[in-house]
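The values are calculated or read from the model by the stated rules, or taken from the named source; none is laboratory data. Here the structure is a predicted model, which means the values were calculated and not measured. Neighbour counts are summed over all protein chains in view; Cβ atoms, including those assigned to glycine, are modelled from backbone coordinates with ideal geometry. Ligands, DNA and RNA are excluded from the accessible area calculation, which covers all protein heavy atoms including side chains. Shrake-Rupley method; radii C 1.70, N 1.55, O 1.52, S 1.80 Å.
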Amino acid sequence: MANDKPQTRSKSTAHQETPLYTLEQVQDLVKKAVAASTEKILEAHNEKISALQRTISALEERVKKQELKHNHLEQYSRRSHLRIRGLEVTQGADCKKVVADFVCSKLRSGGEPVIHITSEDIDAAHPLPVRHPTPYTDADTTSKKTPRTPRSMVIVRFHKRDTRDQIIRARRLLKSSPFSVQEDLTAQNYNLLRQLNNSKEVDTAWSWEGKIYARLIGESKARRFDIYDPVPQ
């Protein structure tokens, strides 16, 4: 049959269909999709980071509270203790008797002892080892300085805290002597007291019943400081 030949399109007609998107449009769509996906990922990461930061802050606060509690408990366990700086105990001597004699002979007012104690008032007493610092040299010279000679120290625990408190109240009588009486502070409380005494903003600092106090220059009232309180500079 003459009319049975298949009809075909010309090549030019088959390859001239209009594309749905131009290359620039495809690139723009890809950029927007990547940006949206990246933004969602960043939001999720930021939320996780914020949650972690809140957790860390809460843990740090818990650690601080635990350290404060531990420091207070440790200080409380030393409530009947004293440290006497400058008191030497010879080898073989009865340390309790040395302390009792020191209190009765050095803490005197008007020629009379402020407080009478004996060895029986002392639960325990022993000298602490003296740390000898090594000499040091100035950075700009070769001359060596002689470090201050460390003083001996005796730690004492009394049967009654009232006895300890009476001695602390009378320690002002040692002001012009080579001796001093101090509370037995924890390492953290001692470090805090040292920082306050070294501060230019602090007039005077002291401890009482294991608590640290300081009066700033220009102020009439003392403030109480704890180990996490900022020290005035």
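Whenever you get a sec, compute what percent of the accessible area on the stretch 16-92 sits on carbon and sulfur atoms (1.4 Å probe).
On the way: 3730 of 6650 Å².
Accessible surface attributable to carbon and sulfur in the stretch 16-92 totals 56 percent.
Cross-link list Lys96/Lys200; Lys64/Lys221; Lys106/Lys160; Lys69/Lys221; Lys97/Lys175: which exceed 31 angstrom alpha carbon to alpha carbon? Don't skip to the end; give the middle numbers.
Numbers: Lys96/Lys200 39 Å; Lys64/Lys221 27 Å; Lys106/Lys160 20 Å; Lys69/Lys221 26 Å; Lys97/Lys175 23 Å.
Listed pairs above 31 Å: Lys96/Lys200.
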Fill in the blank from the handout: Given unit charges at Cβ for Lys, Arg (+) and Asp, Glu (-), the dipole magnitude of the stretch 24-68 about its Cα centre in debye, nearest 20, is 220
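Can you classify the stretch 25-98 as rounded, prolate or oblate using the Cα gyration tensor, where a ≥ b ≥ c are the square roots of its eigenvalues, rounded means a/c under 1.5, and otherwise it's prolate if a/b beats b/c and oblate if not?
Details: a/c = 10.88, a/b = 4.95, b/c = 2.20.
Cα axes put the stretch 25-98 in the prolate bin.
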Practice task
Kindly list the residues of the stretch 218-233 that lie in the label zone of Glu60, defined by a backbone N under 20 Å from the point 7 Å along the Cα-to-C-beta vector.
Solution key: 226-232
Practice task
With a probe of 1.4 Å, find how much accessible area the stretch 48-108 has per residue, and write the answer as a whole number in Å².
Solution key: 70
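When a/c reaches 1.5 or more, the comparison of a/b and b/c decides; with that in mind, is the stretch 167-207 rounded, prolate or oblate per its Cα gyration tensor?
Taking the square roots of the gyration eigenvalues as a ≥ b ≥ c, the stretch 167-207 is oblate.
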